[in-house]
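Written below as structure tokens is the structure these notes are about.
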Amino acid sequence: MIAIELIDANIPVLNMHDNIARASSIMDAQDVHQLPVLEDGVFKGFLEEEILYSAVSESAIIGDYPLKVTNCTAYADQHFYEVVKIISTCEHGMLAVLDREEKYIGTITYSELFRAFANTYGVQTSGSIIVLSLKQIDYTLSEITRLVESENAKVIACQLETVRGDSNHIEVTLKLDKTNVSHIVSTLNRFNYHVVGLYQEEVVVSYEKERLDALMRYLDM
């Protein structure tokens, strides 16, 4: 997945010659705190909501006010992971997408990025989640995958995170394609992998079913 596929089509643009009244109306309608501003198709920066409050007149031209020029831009062909890294530093959770000639293409928002992540195979596919804690130096994905596959399961997603306060240790989050992975946990433990988290989907489903059954019994009373 690349940046151009993550653009939020609902985010309009402003032009340098637009007035404050138009900018205010669009921000209210879209419920956003900033909007991209263009000049001849070139991204000039973001107009922030605070500028609207300081404007002396609603007929004032956007070009007369300072725009926020930031590093909140990504090229259309940049990968999803690069986009996540860039947008994490953007104060209002919005970045402009440009082509390699620096022409504006569209805008990515936090909400659109999260929606795209939620639709990924690793999130949507049923299964279980195992979290391992280990030293960075001991991390070998091929070895972990080999142990998982030896138990007739597959790793469909993997995420690494540095342990807060200890840069030498990481937590490895594995999404597996099986809903019952207790036997896999036993295998990992046997090979000295420290399992610190286990989330089996069937437990959640069972709990939700119990709540639904209880509701149906109540309605039948």
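Table: residues versus (1) surrounded by fewer than 18 Cβ atoms within 10 Å (Cβ to Cβ); (2) on the phi < 0 side of the Ramachandran plot; (3) polar (S, T, N, Q); (4) not assigned by TED's automatic domain parsing to the domain that holds residue 177.
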residue: 41; (1), (2), (3), (4): yes, no, no, yes
residue: 51; (1), (2), (3), (4): no, yes, no, yes
residue: 54; (1), (2), (3), (4): yes, yes, yes, yes
residue: 75; (1), (2), (3), (4): yes, yes, no, yes
residue: 107; (1), (2), (3), (4): no, yes, yes, yes
residue: 110; (1), (2), (3), (4): yes, yes, no, yes
residue: 129; (1), (2), (3), (4): yes, yes, no, no
residue: 135; (1), (2), (3), (4): yes, yes, no, no
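The criterion of at least 2 residues that are polar (S, T, N, Q) is met, among helices (runs of 4 or more DSSP H) falling completely within segment 1-109, by 20-30.
Yes or no: segment 18-33 includes at least one residue that is in contact (Cβ under 8 Å) with a residue 24 or more places away in the chain, touching a Phe, Trp or Tyr at 6+ places or on another chain (Cβ under 7 Å) and among the hydrophobic types (A, V, I, L, M, F, W, C). No: zero hits.
Across segment 110-146, what is the total count of residues that are in contact with an Asp or Glu (Cβ under 6 Å, 6 or more places away or on another chain) and in a helix (DSSP H, G or I)? The number of residues fulfilling the criteria is 1. Of the residues screened, residue 37 is one that is free of Cβ contacts under 8 Å to residues at least 40 places away in the same chain and at negative phi. Applying the condition of being surrounded by 13 or more Cβ atoms within 10 Å (Cβ to Cβ), modelled with pLDDT of 80 or more and not in a strand (DSSP E or B) to segment 181-221 and asking which residue is farthest from the chain's Cα centre (by Cα) yields 187.
The values are calculated or read from the model by the stated rules, or taken from the named source; none is laboratory data. These figures come from a predicted structure and were not determined experimentally. As a convention, Cβ positions derive from the backbone with ideal geometry for all residues, glycine included, and neighbour counts pool all protein chains shown.
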